[in-house]
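The values are calculated or read from the model by the stated rules, or taken from the named source; none is laboratory data. Keep in mind that this is a model prediction, so the values were computed, not measured. Ideal geometry is used to build each Cβ from the backbone, glycine not excepted, and the neighbour counts take in all protein chains shown. These area figures cover heavy atoms from the full protein model, side chains too; ligands, DNA and RNA do not enter into them. Shrake-Rupley method; radii C 1.70, N 1.55, O 1.52, S 1.80 Å.
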Amino acid sequence: MTAIETQDHKALREAVSAFGKRHGQDTDNTQLWQEAAKLGYIGVNLPEAYGGGGAGISELSLVLEELGAAGNPLLMMIVSPAICGTVIARFGTDAQKQQWLPALADGTRLMAFGITEPDAGSNSHRITTTARRDPDSGDWLLTGRKVFVSGVDIADATLIVGRTEDARTGRLKPCLFIVPRDTPGFTRRAIDMELNAAEKQFELVLDDVRLPADALVGDEDAGLLQLFAGLNPERVMTAAFAIGMGRYALAKAIEYARDRTVWNTPIGAHQAIAHPLAQAHIDLELARLMTQKAAALYDAGDDMAAGEAANMAKYAAGEACVKAVDQAVHTLGGNGLTREYGLARLITAARVARIAPVSREMILNYVSHQTLGLPKSY
């Protein structure tokens, strides 16, 4: 693993950046998704045998970062190709791979991901969505609720995290199920969010949702392994999303600081303006390095080390993004709150990187316990 990007990665950055900049902030997300898919960007991490680019999370996170830096982030890249595509590619049956991977790669189908529950939050061990077998048909019956699920209205199916009973111990263990959007008993309600984003958030209710036996992804006894195979890319991609957002805000502030003149001097000449922007740039670059490390470890198959690095990357990127956006708005003063400059909307969006998919406090819990060996506090 090297800290210096390869020429292929640099070329990919330049191509995606140019593509993103050709589209304005008001570009329709569906159109942008389809065009990005035609260029091979959406499925760059998926296997070549199923129409993907045959690369990895390193390349997919790079694509998302550059789209964000151009002002055109695609949130569903975190979910559809990174989480769902990865899980199906690694653990799905041949039939599941044939059914889903080519369509996820070419952008014609999307998949959402449902794990968070009203009473579980960060504690995935308290998930109450359960799956039980129908002894007569062999079908699965899913019952439960999920919240803050992105893009369910535009997704063809949702990868749902449920729990089944271990026949040997009686304990509940996590399992993953593909639930098509129009399955009877599977209903959704849009959550009224202050966040202004193209992708809506939903609450899902599963009321004895009947699924065929082959809706189960992978091995019923390997649930945790399969779950974290999706959660580690989610953290890496969230970090890339945050870095791209931070870079976009910082670029706006730098341009303004160069041009805005007060008393015959550009405001960027003053250290009170210049130094915080320089600090924001340093923080974003450091977060990018950790994100690259996490992605490289994951792509190399080192799930344990990737988990630690992915958590650190997500933490660093979330903090750097919030600081960059805040400083950008502050640099522009009143103009930072106008629709013309497009920064005010990022104030809320930037905080998402701090709280989702896992809060910074839970990451600090993880690092203090798992990395530093301190007593567990939760």
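If you roll a 1.4 Å probe over the chain with all protein chains in place, what percent of the accessible area is carbon or sulfur? Heavy-atom surface of the chain belonging to carbon and sulfur, 1.4 Å probe: 52 percent.
Considering the chain as a Gaussian network with a 10 Å cut-off on Cα pairs, which listed residue, GLY20, GLY43, GLY51, attains the greatest mean-square fluctuation? Among GLY20, GLY43, GLY51, the largest mean-square fluctuation in the Gaussian network model of the chain belongs to GLY51.
Our summary of shape: the Cα atoms of region 210-314 have principal axis extents of 72, 32, 16 Å, ordered from largest down, in whole angstrom. The order of the peptides 205-215, 343-353 by mean Cβ neighbours within 10 Å, most packed first, is 343-353, 205-215. Each part reduced to its alpha carbon centroid, region 289-337 and region 244-283 end up 20 Å apart.
The residue list PHE148, GLY53, LEU110 was ranked by how far each Cα lies along the charge dipole of the chain toward its positive end, using unit charges on Cβ atoms, and PHE148 comes out on top. For region 226-272, the share of alpha carbon pairs falling in successive 10 Å distance bins from zero is 24, 28, 19, 15, 10, 3, 0 percent. In the chain, which whole DSSP H runs stretch at least 20 Å along their own axis (Cα) and average -1.0 or higher on the Kyte-Doolittle scale? Span-like helices in the chain: 7-21, 223-259, 271-299, 303-332. The aspartates and glutamates whose alpha-carbon is closer than 12 Å to the alpha-carbon of LYS173, local same-chain residues fewer than 8 away aside, are GLU165, ASP219, GLU220, ASP221. Pairs from the table (LYS97/LYS314; LYS10/LYS293; LYS323/LYS376; LYS10/LYS200) lying more than 25 angstrom apart at Cα are LYS97/LYS314; LYS323/LYS376; LYS10/LYS200.
Straight distance only, please: which aspartates and glutamates reach the Cα of LYS252 with their own Cα at less than 20 Å, same-chain residues fewer than 8 apart left out? Partners found: GLU14, ASP26, GLU65, GLU66, ASP283, GLU285, GLU319, ASP326, GLU340.
Express the relative contact order of the chain as a whole percentage, based on alpha carbon pairs under 8 Å and six or more residues apart in sequence. All intermediate terms of the calculation are to be shown ahead of the outcome.
On the way: 721 pairs, mean separation 57.3, N = 378.
Relative CO of the chain lands at 15 percent.
Under a Gaussian network description of the chain, with springs only between Cα atoms under 10 Å, the residue in ALA278, ALA89, ALA294 that fluctuates furthest is ALA278. Per residue, the accessible area of the chain comes to 47 Å² when a 1.4 Å probe rolls over the protein heavy atoms. Per-residue ellipticity at 222 nm, computed for the chain from helices alone with -39500 (n - 2.57) per DSSP H run of at least four residues, works out to -15500 deg cm²/dmol. In the Gaussian network model of the chain, springs joining C-alpha atoms below 10 Å, which of ARG354, ARG133, ARG288 carries the largest mean-square fluctuation? Looking only at ARG354, ARG133, ARG288, the largest GNM fluctuation is found for ARG133. Spin-label pair THR6-GLN370: with each label point 7 Å from Cα along the Cα-Cβ axis, the two points sit 2.7 nm from one another.
Per residue, how big is the convex hull of the chain when only Cα atoms are used? Give it in Å³.
Details: hull volume 55.3 nm³, N = 378.
Expressed per residue, the convex hull around the Cα atoms of the chain is 146 Å³.
Translational D (Stokes-Einstein, µm²/s) of region 171-256 at 37 °C and 0.692 mPa s when Rh comes from the Kirkwood sum over C-alpha pairs? Walk me through the numbers on the way to the answer.
Numbers: Rh = 16.6 Å.
Reported coefficient: 197 µm²/s.
Would you mind checking which residues have amide H under 5 Å from ALA155's amide H? H placed 1.01 Å from N; only 5 or more apart, or other chain. Hits under the 5 Å cutoff: none.
Available extension along the chain between ALA356 and LYS21 is 117.9 nm, counting 0.36 nm per residue and deducting the alpha carbon span.
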